[in-house]
Amino acid sequence: MTATQPNIDRRQLSYIAGQAADARVNVELEAEGMTLNIGPQHPATHGTLRIVVRLDGEQVIEADPIMGYMHRGYEKLVEVRTYPQINTLVNRIDWLGSFANEVPFILACEQLMGIEAPPRAQWIRTLFFELSRIANLTLFLGDMGVQLGAVTPVFYAFRDREHILNQIESATGGRFHPNFDRIGGLKDDLPAGWVDETRRALGHIRKFCDVMEDLIVGNEIFEARTRGIGVIPADVALSYGLSGANVRASGVDWDLRRDSSNSGLVYDKLDWKVWTHPDGDSFARYWVRLQEVREACHMVDQLLDSIPAGPIMAKVPRIIKVPAGEAYVATENPLGEMGYYVVSQGGLEPFRVKIRSASFSNMSIAPWVLKGTYVPDVITILASLYFILGDIDR
Amino acid sequence: MALVPGVIKGLGVTFSEIVKTVTKGPETVQYPHAKEDPVPRARGVIALHEDNCTSCMLCARECPDWCIYIEGHKELAPPRRAGGKPRSVNKLDRFDIDYGLCMYCGICVEVCPFEALFWSPEFEYSEPRIADLLHDKTRLGQWMTTVPEFESYEAGAQVKGKKVPR
């Protein structure tokens, strides 16, 4: 049974295979290696990512991700738009967890303007932050099955994610692009009956997590295809700048929700834990995300119980001018660390916005981790790294 | 090795889902024959209440992709009271929203200071030709009938409720 083999053997084997592939490249540069294009139109790339893979038989000698097919130039576009308008654009970066994209940008602007959202707004903001994490990672949990050839889980994922999307829509008006966060608070308050309805939706997600545990995590085929495949040791993960569940699956206990001192979110008032896994393989990345969805459900439950009464908007001028200065705020988005470096010269528009998106850094490890693996594993490793093309190309 | 192999367990899950779907019916609806009701807050289409619009151009300026086109002129209206001076009012000549460009962000509805724009959850207005997605002010005015009343708020909210002018 492959699943019960100790992981260290697999890890050593993949290391040796990588070394062998290296040696082969050095010896025979003009070798009869085959070049395989994965993408830009490939279902496993979640968009338009192209990976040029050089093969020796079934083994990958070299993998080169080529990105930019979906570059939309957000960093430049936001320079000619006012701060409220930028909010609608950054929604589209990671389209599966849209609300989470708005939060770090708004927090950076609030930090520059020196205002803080009222407690009720902070609570609801954290609530939607976690809901978008559930919506995003739920789809990953099903999608990973598709990449391994199991088509059923993704239908369950789409079905149960819909409950969360309905809740996001009934409060914000948009299923995918909420555009709900404002500098100094939120656009609107929650509609009546929303809290109870959300509790019901969380029940569906909890059940979904249990189903995935039965369907995928315990499955021998899944374990054989993911255990010991695509191992990323902790030091490599850190040196490539990985973040989010990818780095936690390598055993690094690092979560910006706990470790950063952002003022606009209320994670310090909640009872939750950061999940890590020591293995660093594809299975660990799946497992950590599964636990994170459960933890997010747990957090949303606590948030729903304790929403304080009060206003949802601080005193903010009607025409928003951000004072001159620079601020970098990063939060723990569903895909990893997402940060906005906002430079303002005191005008209606920012002078420059640098967007640090998680998938871009997570993708940079692909050449390292794909070296020495086999062709079918390329797809599963890419799937377990979990990138979204909008988040890579921006 | 687990007591029950994972593959068998997974098949059990699939089977129970089949039973659930057969007995309780599917979660999806067959769209053209059956329709799901969109939530009242859903951003489907923008409706224009023309009487309230003063052609102040705020919405056109705040739109992130500038898809609202407004033209207007000033007109003299009869005085409110007998013997008074004639009032000057802003008349709307053109109010177009290009839904081929619109990002459905809702900023125009939010910034309107005179409550002339509203979201309607209606979504069935696709066109074979993209140019027909430009809705003029009569078409936008017709959407007003589909605008639902604003929902009441959750406990603890301190936001003032609004009313839709009819």
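Taken together, the values in this text are just the output of simple stated rules run on the coordinates, not laboratory data. From a predicted model like this one, the values you see are computed outputs, not experimental measurements. So basically every Cβ, Gly included, is an ideal-geometry build from the backbone, and we count neighbours across all protein chains shown.
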Revision key, fill the gap. Asserting the computed 222 nm helical MRE of the protein assembly as shown (DSSP H runs at least 4 long, -39500 (n - 2.57) per run, divided by residue count, to nearest 500) equals -12000 deg cm²/dmol
Study note, to complete from the structure: Listed with the fewest Cβ neighbours within 10 Å leading, A:TYR240, A:TYR386 appear as A:TYR240, A:TYR386
Revision key, fill the gap. Across B:PRO32, B:PRO79, B:PRO40, the residue with the highest GNM fluctuation in chain B (Cα network, 10 Å cutoff) is B:PRO32
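Give the relative contact order (percent, whole number) for chain A; include only Cα pairs under 8 Å separated by 6+ residues.
Details: 763 pairs, mean separation 103.9, N = 394.
Dividing the mean separation by the residue count of chain A yields 26 percent.
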Practice item. Find how much the distance from B:THR23 to B:THR146 grows on full extension, using 0.36 nm per residue of separation minus their present alpha carbon separation; answer in nm with one decimal. Key: 40.7 nm
Review point. In which sequence would B:HIS33, A:HIS177, B:HIS49, A:HIS42 go, from the one with the fewest C-beta neighbours within 10 Å to the one with the most?
Key: B:HIS33, A:HIS42, B:HIS49, A:HIS177
Practice item. Any lysines with Cα under 21 Å of the B:LYS74 Cα? List them, leaving off those in the same chain fewer than 8 positions away. Key: B:LYS85, B:LYS91, B:LYS137
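Rounded to the nearest 0.05, what FRET efficiency is calculated for A:GLN12 and B:ARG61 with R0 set to 56 Å and r the Cβ-Cβ distance? Working shown, then result.
On the way: r = 64 Å, r/R0 = 1.14.
Working from the Cβ atoms, E equals 0.30.
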Practice item. Fewest Cβ neighbours within 10 Å first, please rank A:MET299, A:MET313, B:MET57, A:MET338 accordingly. Key: B:MET57, A:MET313, A:MET299, A:MET338
Check your understanding: Hey, got the dipole for the stretch A:60-392? About the Cα centre, +1 on K and R Cβ, -1 on D and E Cβ, debye to the nearest 20?
Key -> 840 debye
**Study point:** Cα convex hull of the protein assembly as shown, projected area averaged across orientations, nm²
**Key:** 30.6 nm²
Point to revise | For the stretch A:135-199: Kirkwood Rh in Å [reciprocal of mean 1/r, alpha carbons] | key: 13.3 Å
Study note, to complete from the structure: Lone Cys, chain B, Cβ cut-off 4.7 Å -> B:CYS53, B:CYS56, B:CYS63, B:CYS67, B:CYS102, B:CYS105, B:CYS112
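Return a whole-number percent for the relative contact order of chain B, with Cα pairs under 8 Å and 6 or more residues apart as the contact set. Intermediate results must be reported in sequence, preceding the final value.
Working: 224 pairs, mean separation 43.4, N = 166.
Normalised by residue count, the contact order of chain B is 26 percent.
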Practice item. For the protein assembly as shown, build the charge dipole from Cβ charges (+1 Lys, Arg; -1 Asp, Glu) around the Cα centre, then report which of A:ALA135, A:PHE222, A:MET34 sits farthest towards its positive end. Key: A:ALA135
Practice item. Go ahead and set up a Gaussian network model of chain B, Cα springs under 10 Å, then flag whichever of B:ALA77, B:ALA34, B:ALA116 fluctuates most. Key: B:ALA34
Exercise for review: Consider all pairwise Cα distances in the stretch A:291-332 and report the whole-number % of them above 11 Å.
Suggested key: 80 percent
Study note, to complete from the structure: A student asked for the Cα radius of gyration and Dmax of the stretch B:96-166 in angstrom ought to give 14.3, 47
Point to revise | Radius of gyration, Dmax [the stretch A:286-394; alpha carbons; angstrom] | key: 19.6, 58
**Study point:** Number of Lys pairs (Cα under 27 Å; 8 or more positions apart or on different chains) in the stretch A:60-392
**Key:** 11
Revision key, fill the gap. Rounded to the angstrom and largest first, Cα extents along the principal axes for the stretch A:60-392 equal 58, 43, 31
Review point. Could you list log10 I(q)/I(0) for chain B at q = 0.15 Å⁻¹, which the Debye formula gives when each Cα is one point scatterer?
Key: -0.93
Point to revise | Rg and Dmax of the stretch A:172-270, Cα atoms only, in Å | key: 19.0, 50
Point to revise | Candidates A:ARG133, A:ARG54, A:ARG318, ranked by Gaussian network fluctuation over chain A, Cα under 10 Å, top entry | key: A:ARG318
